[in-house]
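Here is the structure we will look at, set down as structure tokens.
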Amino acid sequence: EDGIRDDLVTGVQTCALPIYDLTVTENINFMRQFLGHSETSTAEIVERVGLRRVCEQTARTLSAGQRKRCALARLLLTDAQLWLLDEPYSNLDKHGMIMLDGILERHLRDGGACAMATHGSLRPEGFEYREIGMVSGAAS
């Protein structure tokens, strides 16, 4: 036993972008089969991540920001307490960043935690967080 519970951690990484041949709705439903914890409807998730207008488009036709939103929708499918996120703000416009801040804020308010890697000014706004910098591979 490695000591990590399956229900504790979820993550979104560059390699976790949507499957290009599936629509937004199909991507969310496909991931629901793996994560399966959420009772939130696909329609509500699509709305929360701001993809209602493009929900029947295949992921290959979406902009980079829309693909990122589709990938981030997976966070709403799990009840994991700890989210490990790699560059979650990359490719998001201002509205996408606000959307992600709202999802993060709700997760934290509900007792969850999040560790994320970010660059420069791409970081959460509107709530308290702790920042740890890396210099030459060491935390500072």
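So which residues in segment 72-105 are without any contact (Cβ under 8 Å) to a residue 24 or more places away in the chain and more than 24 Å from LEU62 (Cβ to Cβ), if there are any at all?
Result: GLU105, single match.
Output the residues belonging to segment 40-49 that are outside any helix (DSSP H, G or I) and either touching a strand residue (DSSP E or B) at 6+ places or on another chain (Cβ under 9 Å) or surrounded by fewer than 19 Cβ atoms within 10 Å (Cβ to Cβ) (or both). First the steps, then the outcome.
Here is the first cut: in segment 40-49, the residues outside any helix (DSSP H, G or I) are 40-41, 49.
Of everything in segment 40-49, those that are outside any helix (DSSP H, G or I) and either touching a strand residue (DSSP E or B) at 6+ places or on another chain (Cβ under 9 Å) or surrounded by fewer than 19 Cβ atoms within 10 Å (Cβ to Cβ) (or both) turn out to be THR40, SER41.
Could you list, in sequence order, all residues of segment 78-93 that are more than 19 Å from ALA115 (Cβ to Cβ) and either in a helix (DSSP H, G or I) or not polar (S, T, N, Q) (or both)? Let's see the steps before the verdict.
Restricting attention to segment 78-93, the residues satisfying the condition of being more than 19 Å from ALA115 (Cβ to Cβ) are 91, 93.
Once the filter is applied, which keeps residues that are more than 19 Å from ALA115 (Cβ to Cβ) and either in a helix (DSSP H, G or I) or not polar (S, T, N, Q) (or both), segment 78-93 yields only ASP93.
On the basis of being touching an Asp or Glu at 6+ places or on another chain (Cβ under 8 Å) and either at positive phi or buried (at least 20 other Cβ atoms within 10 Å of the Cβ) (or both), does ALA73 make the cut?
No, not satisfied.
Report the residue count in segment 94-121 for those that are outside any helix (DSSP H, G or I) and exposed (fewer than 15 other Cβ atoms within 10 Å of the Cβ). So that I can check it myself, show each step before the final result.
Step one: of segment 94-121, the residues outside any helix (DSSP H, G or I) are 110-121.
Going one step further and asking which of them are exposed (fewer than 15 other Cβ atoms within 10 Å of the Cβ), we end up with 110-111, 113, 115, 117, 119-121.
Within segment 94-121, residues that are outside any helix (DSSP H, G or I) and exposed (fewer than 15 other Cβ atoms within 10 Å of the Cβ) number 8.
If you check HIS37 against the conditions, is it closer than 30 Å to ILE132 by Cβ, modelled with pLDDT under 95, assigned to a loop (DSSP other than H, G, I, E, B) and not aromatic (Phe, Trp, Tyr)? Lay out the reasoning, then the answer.
Working: closer than 30 Å to ILE132 by Cβ: yes; modelled with pLDDT under 95: yes; assigned to a loop (DSSP other than H, G, I, E, B): yes; not aromatic (Phe, Trp, Tyr): yes.
Here the answer is yes, as HIS37 does meet what is asked.
Are there any pairs, at least 6 apart or on different chains, whose C-beta atoms fall under 8 Å, with the first in segment 39-61 and among the aromatic types (Phe, Trp, Tyr) and the second open to solvent by 40 Å² or more (accessible area, probe 1.4 Å), and if so, which?
Nothing qualifies.
The values are calculated or read from the model by the stated rules, or taken from the named source; none is laboratory data. Bear in mind the structure is a predicted one, so any value in this text is a computation, not a measurement. Please note: Cβ atoms are built from the backbone with ideal geometry, for glycine as well, and neighbour counts cover all protein chains shown. Surface areas here come from the heavy atoms of the whole protein model, side chains and all, with no ligands, DNA or RNA. Shrake-Rupley method; radii C 1.70, N 1.55, O 1.52, S 1.80 Å.
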